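A short worksheet on the structure shown next.
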Amino acid sequence: MRRRTEWRIFWRTVVGRAYPRVIGLQRERSWVFFDVALPLLQVTAFVYIYRAIQAPPEFTGFVVLGGAMSAYWLNVLWSMASQLYWEKETGNLQLYIVAPTSRMAILLGMALGGIFATTVRALGVIAVGTLIFRVPMTVTSVPALLAVFVLTLVALYGLGMLMSSLFLLWGREAWHLANLLQEPVFLLSGFYFPVKALGFAVALVASFIPITLGLDAMRQLLFPQMMEGLKFLPVGYELAALSVLGIVFLALAHQALRFFEDLARREGRLTLRGQ
Amino acid sequence: MSWEELSIRTEGLTRVFRPKRREARGQRREIVALDRVNLAVERGELFGVLGPNGAGKTTLIKILATLLAPTSGRAWVAGVDVSENPWEVRRHINMVSGGESSGYGLLTVEENLWMFSQFYGMQSGEAKRRIKELLEVVGLADRARTKIYHLSTGMRQKMNFARGFLTDPEILFLDEPTLGLDVQTARTLRAYIRDWMDRHPDRTILLTTHYMYEADELCDRVAIIDRGKVLACDTPAALKRTLQREAIFRLRVAALADPKALFQGVTGVHRFTHAARDGCVELDVVLGDENAILAVLGGIQRAGGQLLSLEKREPTLEDVFVRLVGRGLGSGEGAGA
Ligand SMILES: Nc1ncnc2c1ncn2[C@@H]1O[C@H](COP(=O)(O)OP(=O)(O)O)[C@@H](O)[C@H]1O
Ligand SMILES: [Mg+2]
């Protein structure tokens with residue numbers, strides 16, 4: 001009985017917290033410019049560099065895919081990692097805590113809502129990018145591609161959940177931290193070039209950010225011939241690594257939430273003073 | 001009354017805030033926000049916590065609502081220890097604060113309320129029906145489809161108020177629910193609180209306020225709190241009865257230079273407060289015997305004051321507070337009748 005009630009609350013919470021993100025997409029239209037046009041501009045710059053140095057046309061595809069996936073990284077940084085901190089500032093966090101619901105459900109709702117909204121953006125970037133630049137793609141295996149994509153998102157948003165409870169504790173510095181992480185990850189994860197170019201050791205370290213492995217695997221599946229000499233690891237390894245990352249990040253997030261919630265409750269940091 | 005029938009109980013509840021290192025340079029003083037508070041609130045009570053700003057009201061509610069850990073002492077809500085089992089406590093409670101700014105600006109009033117209802121696992125249909133009802137009650141029905149970033153502060157507060165009742169909690173914490181609202185709205189909300197309690201005799205509300213009128217009109221029992229300490233706890237009538245032997249006069253006096261020095265050497269004046277109002281001074285004078293009013297009038301005359309009006313009045317909770325603390329609540333009648 002109690003178990004059933006708990007599950008009901010869990011799933012209703014997920015849907016409830018995802019809702020503002022889904023509906024926000026439709027109500028706040030400015031994202032079309034900021035989240036599709038701006039990344040495309042960045043992509044365009046790289047495309048012209050590659051063309052100028054007469055790189056093969058597949059490189060255009062690398063960049064378009066990277067541009068699309070960068071939307072997820074931004075979403076995780078700004079709408080997952082720093083989210084609990086914002087929620088505290090706006091007074092929502094205390095209402096989440098007081099409610100008889102799971103914090104993981106709140107974060108999962110945020111993640112699913114964010115994934116939905118970001119996928120619309122990413123598809124926008126891919127559609128416009130492939131149209132304009134005529135990217136030569138060959139999908140080798142749809143199931144493998146889907147698996148890589150889903151596992152990348154699970155691991156990435158798991159990392160986001162973990163970061164959100166850390167950021168909650170760091171308070172105002174969270175914003176600076178997110179800013180600090182944004183650009184280096186673009187570089188390290190190989191958003192605009194195959195990550196192997198950075199060398200095996202750097203790529204291994206960068207694999208800590210799930211997008212690194214995800215991008216590499218997706219590029220292998222979409223541009224098999226070109227990636228033959230540029231791949232970091234075989235797709236199978238990358239799939240396995242992504243699964244491990246996903247499980248580890250989610251488990252750590254769950255523990256971290258408990259730990260930091262208790263700590264914040266003791267230190268009086270779950271709420272704003274005087275509210 | 002056995003312990004199991006108590007909705008809320010605290011035992012030596014204490015919370016100390018240590019200034020953060022960054023802020024501490026000026027003062028390394030600890031703030032004792034709650035100081036060994038013992039309270040027992042029975043099921044079905046509308047219990048008021050009355051005290052000035054900084055008294056510790058919000059700190060008390062945060063601890064009871066599992067948002068803050070006590071430094072020492074214990075608290076039980078619905079029979080469950082808030083420190084040992086906060087998850088269980090949350091099944092029984094809801095909370096609204098007067099100053100809160102919760103919700104998502106892009107969502108409408110009804111969408112925001114619906115979202116919060118989902119965190120309690122409410123069925124959507126049921127939630128929507130209740131939201132409609134509650135928005136009628138708080139006078140926000142015509143704004144149900146308005147995005148909340150278009151709402152005034154007062155309207156947001158009404159929405160939050162509705163959120164508290166939406167989930168039909170067993171124990172509801174209201175932290176200064178009428179703070180800063182206009183008189184009419186405050187009255188509507190108070191009427192609803194009273195009505196809800198009448199319709200649900202097994203529910204409990206703990207309400208904090210610094211409006212003495214609100215505590216007096218609304219609450220079954222009131223704890224008067226200042227600087228983290230509970231100074232008295234009883235029904236409003238019983239609290240006021242403690243002043244029955246005294247006589248209280250309200251005087252309005254013009255052209256009074258120094259009200260503080262007014263009654264030096266005047267016998268029979270137990271205490272008095274003064275406030276500037278509309279260009280004159282309003283004095284509340286508490287006398288041991290009402291005949292002492294003659295000496296008071298003499299004192300005013302000697303100080304060159306000009307008496308505009310004189311009225312004997314019934315004691316209020318403010319008077320009780322002044323007797324206990326030696327100063328006023330500092331709120332005037334902001335939410336007065
Ligand atoms: N997080 C905090 N850190 C330091 N001091 C605090 C904190 N929260 C409250 N206080 C102090 O504790 C005292 C009681 O505050 P509070 O409970 O908010 O009073 P009230 O709600 O009655 O106005 C005040 O002196 C306040 O400044
Ligand atoms: Mg307060």
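Here are the numbers:
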read-out	value
So residue A:108, is it at pLDDT below 95 and either open to solvent by 40 Å² or more (accessible area, probe 1.4 Å) or under 19 Å from the mean Cα position of the chain (by Cα) (or both)	no
Subset of the range B:48-63 (residues that are surrounded by fewer than 24 Cβ atoms within 10 Å (Cβ to Cβ) and more than 9 Å from ligand 2 (Cβ to nearest atom))	B:52
Selected residue [part of a strand (DSSP E or B) and not assigned by TED's automatic domain parsing to the domain that holds residue B:213] from B:286, B:230	B:286
Residue list for the range A:34-55, filter: within 26 Å of residue A:118 (Cα to Cα) and of a type in the set (A, V, I, L, M, F, W, C)	A:34, A:36, A:37, A:38, A:40, A:41, A:43, A:45, A:46, A:47
All positions within the range B:87-103 that are under 27 Å from residue B:190 (Cβ atoms) and either without any contact (Cβ under 8 Å) to a residue 40 or more places away in the chain or open to solvent by 30 Å² or more (accessible area, probe 1.4 Å) (or both)	B:89, B:90, B:92, B:99, B:101
Subset of the range A:164-197 that is closer than 19 Å to residue A:60 by Cα and more than 16 Å from the chain's Cα centre (by Cα) - its residue that is surrounded by the fewest Cβ atoms within 10 Å (Cβ to Cβ)	A:197
Condition met for residue A:21 (within 14 Å of another protein chain (Cβ to nearest Cβ), surrounded by fewer than 21 Cβ atoms within 10 Å (Cβ to Cβ) and farther than 23 Å from residue A:180 by Cα)	no
Among residues of the range B:50-67, those that are within 8 Å of ligand 1 (Cβ to nearest atom), in a loop (DSSP other than H, G, I, E, B), modelled with pLDDT of 95 or more and within 11 Å of chain A (Cβ to nearest Cβ), counted	0
Flag if residue A:250 is touching a helix residue (DSSP H, G or I) at 6+ places or on another chain (Cβ under 8 Å), open to solvent by 20 Å² or more (accessible area, probe 1.4 Å) and assigned to a helix (DSSP H, G or I)	yes
Matching residues, the range A:96-123, being within 13 Å of chain B (Cβ to nearest Cβ), more than 28 Å from residue B:170 (Cβ to Cβ) and out of contact with any Leu (no Cβ under 7 Å at 6 or more places or on another chain)	A:110, A:113
Matching residues in the range A:258-275 - criterion: being within 25 Å of the chain's Cα centre (by Cα) and either within 13 Å of chain B (Cβ to nearest Cβ) or among the small types (Gly, Ala, Ser) (or both)	A:258, A:261
Residues satisfying the stated conditions in the range A:24-53, i.e. in contact (Cβ under 8 Å) with a residue 24 or more places away in the chain, more than 12 Å from chain B (Cβ to nearest Cβ) and of a type in the set (A, V, I, L, M)	A:32, A:36, A:40, A:43, A:47
Set A:191, A:167, A:208: member being modelled with pLDDT of 85 or more and assigned to a helix (DSSP H, G or I)	A:167
Residue that is nearest to ligand 1 (Cβ to nearest atom) [pool: residues in the range B:69-87 that are in a loop (DSSP other than H, G, I, E, B) and touching a Leu at 6+ places or on another chain (Cβ under 7 Å)]	B:70
Criterion violated by residue B:98 - all others in (1) within 16 Å of ligand 1 (Cβ to nearest atom); (2) more than 15 Å from residue B:167 (Cβ to Cβ); (3) at the interface with another protein chain (Cβ under 9 Å from one of its Cβ atoms) satisfied	(3)
Odd one out for residue B:106 among (1) buried (at least 20 other Cβ atoms within 10 Å of the Cβ); (2) touching a residue at least 24 places away in the same chain (Cβ under 8 Å)	(1)
Residues satisfying the stated conditions in the range B:68-86, i.e. within 22 Å of residue A:260 (Cα to Cα), open to solvent by less than 20 Å² (accessible area, probe 1.4 Å) and within 12 Å of chain A (Cβ to nearest Cβ)	B:68, B:69, B:82, B:86
Residue ranges of helices (runs of 4 or more DSSP H) in the range B:109-206 with at least 1 members hydrophobic (A, V, I, L, M, F, W, C), open to solvent by 10 Å² or more (accessible area, probe 1.4 Å) and within 14 Å of chain A (Cβ to nearest Cβ)	B:109-118
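The values are calculated or read from the model by the stated rules, or taken from the named source; none is laboratory data. Because the structure is predicted, anything quoted here is derived from the model rather than measured. FYI the Cβ positions are ideal-geometry reconstructions off the backbone, even for glycines, and counts take in every protein chain you see. To get the accessible areas, we keep the full protein, side chains included, count just its heavy atoms, and leave off ligands, DNA and RNA. Shrake-Rupley method; radii C 1.70, N 1.55, O 1.52, S 1.80 Å.
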